[in-house]
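Undergrad: First the structure, then my questions, so here it is.
The values are calculated or read from the model by the stated rules, or taken from the named source; none is laboratory data. A quick note: this is a predicted structure, and the numbers were derived from the prediction, not measured. Cβ atoms come from the backbone with ideal geometry, glycine included; neighbour counts cover every protein chain shown.
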């Protein structure tokens, strides 16, 4: 504890971020699990929701709910306005040029699948090549594998080094005249690596190849600017940025979205329907068939307001302190190996306790109220690269504290004593 | 102490460190591979069944402590039993781990295996405990379908994934 205090005072983290006040916004953080205060370190899987977002959802459901884009009555018009306001919030959150470039989806996975179906199936042919990286989450591998299988195209993989960083030279060598698409994670979910995406996008654009960024793990931690990144598609989820589950965003450049095929057919995505012919709606509605998760979209907009209220830069600074401290403390434990030591990382700490399976680590830590993720993190190729079946992963959010890192460290030591 | 910690300290840690019947039989009459892809638990089971009785059983593999301990204890418990008795244990163990069998109140043959009752409170770990039992079931039932023509890849036809 003394060490924690000294590190904190050195870094003046409390001057940057009033964590105690922020924590008071999150009712779930006051919970006890197995009689111990909850230490929630599974934020890369899903983040918690602050009271203002919960209140917004309750207000919507108690006072404002109706279907959107349909009726002329007051509730419907109000719900439509709020839903479209949420779209503009998402536009500002990632600095898209145009609100019509924001498509609401059920989450990152659906966003990626939408691009696979709408762009991939329309424009990728037999013999073409799609590039992914060795760091991808299954949701940014499997859709492209399905596409390649269907079209007779080839999936190429940019390898990573022992630190968990993409080998840029190898990535660049993958490009040729057959390369037609690049799908790559902005931040690795399993290791926390922040990829040099600007550089990687520039390479792809030299070959006129569009790039999709899987931003599920980046959106909670980094200030995003899709125009500065110049990515062609950007996908992220609401529930990892303190919003509800079941909602996410696909950003796409207008010109690309306009030439894409719809992904789902149904109501709201059409301009006119006869049995002979259907004329599709304009973007983004062309891609939003059926009644969307209206409450979730409005809730996600509210979560974006909340994060902006704190400031993504301050969030990032505090999380970097947490990561550095955790890397130092956990890394100092004899018999613990950290997997993923990239120079540029988000607040994710994947580790192994020698002689103890990660699932046992997770179960024993849970007995002390510590919630971490254990397993392959839906990134089996990453696990294969490091020759392990699974890891334990602590992932931090801005509401975590250095004291919680100490609880984690002590928890790991306890696991070792138990198994020792 | 919580039930889970007690489970770990009384049984799991011991079997994890000193697994019983660890290894592989030379000429097994039955064998199967069990895989739990979610956590990477992976076990190979070899059995010698003669006159409908489990004469010998051994296991190899990698996995978490719950899986290893469950497998280790399974081997000591089914040795000497008839196939039918062992299959009864498979069913009862599965029912206990999934909360369908209350070992205190309902008749059963689990004996010492009842210490695994606590895993029913850990839904994500139930599979770890059950894996060896599924694999044993697969091994017993593979003889009927695995013929000598399949000798090259007998594991494949007997493989079980849960």
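Undergrad: Going by the structure shown, is residue B:32 surrounded by fewer than 24 Cβ atoms within 10 Å (Cβ to Cβ) and in a strand (DSSP E or B)?
TA: The answer is no for residue B:32.
Undergrad: Right, another one. Looking at the structure I just gave you, is residue A:216 assigned to a loop (DSSP other than H, G, I, E, B) and in contact with a strand residue (DSSP E or B) (Cβ under 6 Å, 6 or more places away or on another chain)?
TA: So residue A:216 passes the test.
Undergrad: Being buried (at least 16 other Cβ atoms within 10 Å of the Cβ) and under 16 Å from the mean Cα position of the chain (by Cα) is the filter here, so list the residues in segment B:1-24 that pass it.
TA: B:11, B:12, B:15, B:16, B:19, B:20, B:21
Undergrad: Any residue in segment A:359-385 that is more than 11 Å from every other protein chain (Cβ to nearest Cβ) and assigned to a strand (DSSP E or B) sitting within a Cβ distance under 7 Å of a residue that is modelled with pLDDT under 95 and surrounded by fewer than 23 Cβ atoms within 10 Å (Cβ to Cβ)? List the pairs, counting only those 6 or more apart or interchain.
TA: Pairs that qualify, where the first residue is more than 11 Å from every other protein chain (Cβ to nearest Cβ) and assigned to a strand (DSSP E or B) and the partner is modelled with pLDDT under 95 and surrounded by fewer than 23 Cβ atoms within 10 Å (Cβ to Cβ): there are none.
Undergrad: Could you go through segment A:386-400 and let me know if any residue there is without any contact (Cβ under 8 Å) to a residue 40 or more places away in the chain, within 14 Å of chain B (Cβ to nearest Cβ), more than 18 Å from the chain's Cα centre (by Cα) and farther than 28 Å from residue B:121 by Cα.
TA: Taking every residue of segment A:386-400 in turn, at least one turns out to be without any contact (Cβ under 8 Å) to a residue 40 or more places away in the chain, within 14 Å of chain B (Cβ to nearest Cβ), more than 18 Å from the chain's Cα centre (by Cα) and farther than 28 Å from residue B:121 by Cα.
Undergrad: Quick check: is even one residue across segment B:83-90 within 14 Å of chain A (Cβ to nearest Cβ) and over 16 Å from residue B:115 (Cβ atoms)? Show your work before the answer.
TA: Of all residues in segment B:83-90, those within 14 Å of chain A (Cβ to nearest Cβ) come to none.
The answer is no, given that none of the residues of segment B:83-90 is within 14 Å of chain A (Cβ to nearest Cβ) and over 16 Å from residue B:115 (Cβ atoms).
Undergrad: Within the bounds of segment A:329-340, is there any residue that is out of contact with any strand residue (DSSP E or B) (no Cβ under 7 Å at 6 or more places or on another chain), surrounded by fewer than 19 Cβ atoms within 10 Å (Cβ to Cβ) and within 12 Å of another protein chain (Cβ to nearest Cβ)? Quick ask: steps written out before the conclusion?
TA: As a first pass, look at segment A:329-340 and keep what is out of contact with any strand residue (DSSP E or B) (no Cβ under 7 Å at 6 or more places or on another chain): A:329, A:332-334.
Filter again for surrounded by fewer than 19 Cβ atoms within 10 Å (Cβ to Cβ), leaving A:332-334.
Cutting the leftovers down to within 12 Å of another protein chain (Cβ to nearest Cβ) gives us none.
No, that holds for no residue.
Undergrad: Counting only residues that are free of Cβ contacts under 8 Å to residues at least 60 places away in the same chain and either outside any helix (DSSP H, G or I) or touching a helix residue (DSSP H, G or I) at 6+ places or on another chain (Cβ under 6 Å) (or both), how many does segment A:28-50 have?
TA: Taking segment A:28-50 and keeping what is free of Cβ contacts under 8 Å to residues at least 60 places away in the same chain, we get A:28, A:30-31.
Still in the running and either outside any helix (DSSP H, G or I) or touching a helix residue (DSSP H, G or I) at 6+ places or on another chain (Cβ under 6 Å) (or both): A:31.
Residues that pass the stated criteria total 1.
Rundown of residues vs (1) out of contact with any helix residue (DSSP H, G or I) (no Cβ under 6 Å at 6 or more places or on another chain); (2) assigned to a loop (DSSP other than H, G, I, E, B); (3) within 14 Å of chain A (Cβ to nearest Cβ), yes/no style:
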position: B:7; (1), (2), (3): no, no, yes
position: B:24; (1), (2), (3): yes, yes, no
position: B:67; (1), (2), (3): no, no, yes
position: B:72; (1), (2), (3): no, no, no
position: B:92; (1), (2), (3): yes, no, no
position: B:102; (1), (2), (3): yes, yes, no
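The rows are residues; the columns are (1) in contact with a helix residue (DSSP H, G or I) (Cβ under 7 Å, 6 or more places away or on another chain); (2) buried (at least 16 other Cβ atoms within 10 Å of the Cβ).
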| site | (1), (2) |
| --- | --- |
| A:103 | yes, yes |
| A:115 | no, yes |
| A:143 | yes, yes |
| A:148 | no, yes |
| A:154 | yes, no |
| A:157 | no, yes |
| A:162 | no, no |
| A:167 | no, no |
| A:172 | yes, no |
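Undergrad: Looking only at residues in segment B:39-58 that are in a loop (DSSP other than H, G, I, E, B) and out of contact with any helix residue (DSSP H, G or I) (no Cβ under 7 Å at 6 or more places or on another chain), which one is nearest to the other protein chains (Cβ to nearest Cβ)?
TA: Top of the filtered list is B:40.
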